[in-house]
Amino acid sequence: MANRFPNILQNKFSSLHPKPSISCFTGAQLSTTLKRSRNLRVPRRLVLGIGVSFWAQFMNMSASNSIIASARTKGSVQQILENVEWPEQFPFKDEDFQRFDESSDLVFYESPRFVTHIDDPAIAALTKYYKEAFPPSNTPGVALLDMCSSWVSHFPVGYKQERIAGMGLNEEELKANKVLTEYVVQDLNTNPKLPFEDNSFDVITNVVSVDYLTKPIQVFKEMHRVLKPGGKAIMSFSNRCFWTKAISIWTSTGDADHVMIVGAYFHYAGGFEPPQAVDISPNPGRSDPMYIVHSRKLATA
């Protein structure tokens, strides 16, 4: 049975309940409060009026709510992206990618933050996934790109390749990242063009940062360009963010919706295999959730 794209996201209104599903920090809060408690939860931001243009297109479409309901249990997230009936046109509007804080991201990230943005169990789950998904360490000719990188990439301990490039917004953080062999400081929201040759990388990773992209289709098209045929892009995310910098369609929807949103980026960028989703949350309800949406560049693209 096919999943109709808008019906999954439609449930955003029914999923708004007293218990927050998105935990976000302001820039000022993170440097102080995160050090005191990694379990701090800030109330969910509800964006009313932003992103409404998306819903207006689909209010007359009907389908079962069973997929979104089952996706809220561990092990069922992969169903969200199975046999999706994607709309012909990209369904989001410009306002869906607006943010509460539209100031320069380079200024926002000017000071280094040597902290982790997900808790230790979620980090361990991501590292375990990478260990299974990555090419073996020290494989000749293999190259990786860690987009929106920081002082740590959460790669397996001792993992090495001849080329592991990083892109981020703070040079001090990138310099401190021991896994990187090279790095570039670049704001993808002002310049989504990746400074790499076509068919350069076997794997692209992005950890808890896809929610900040204001030009996601341009970025995903660039990811496609720089991936080698058959190369894999791995987008991982949780419910943690700097809410003032996350896009409105993200902060006004829930975890299962985010899976569909990232899947849409792959689909509408073109040239990728149908995206797949995996729930790698280590301790549902007791630690940070962790989700993967991944896809491969078509071998013939």
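Readers should treat all values here as calculations from the given coordinates under stated rules, not as data from a laboratory. No experiment lies behind these values; they were computed from the predicted model shown. Every residue, glycine as well, gets a Cβ built from its backbone with ideal geometry; the counts of neighbours run over all protein chains shown.
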When a footprinting reagent is the concern and you count Cβ atoms within 10 Å, what order do V157, V226 take, fewest first?
V157, V226
Going fewest to most other Cβ atoms within 10 Å around each Cβ, R113, R286 line up as R286, R113
Which values, in whole Å and largest first, are the semi-axes of the equivalent ellipsoid of the range 240-301 obtained as the square root of 5 times each eigenvalue of the Cα gyration tensor?
25, 16, 8
Using the alpha-carbon centroid of each, what span in Å lies between the range 219-236 and the range 175-203?
12
Neighbourhood charge, 12 Å Cβ-Cβ cut-off, centred on L144 and excluding it, Lys, Arg +1 and Asp, Glu -1
0
For a label point 7 angstrom out from the Cα of N283 toward its Cβ, which stretches of the range 116-131 have the backbone nitrogen within less than 13 Å?
119-125
Extension length gain for T139 and D120 (0.36 nm per residue less Cα distance), in nm, is 4.0 nm
Sorted by chain and number, the residues with a modelled amide H under 5 Å from that of I164, at a separation of 5 or more or across chains, are L144, T181, E182
Counting other beta carbons within 10 Å of each residue's own, what order do K178, K245 fall into, fewest first?
K178, K245
Two pseudo-spin positions, 7 Å from Cα along C-beta at E182 and at Q78, lie apart in nanometres by 3.6
Subtracting the Cα-Cα distance from 0.36 nm times the residue separation, let me have the gained length for E85 to Q98 in nm, one decimal.
2.1 nm
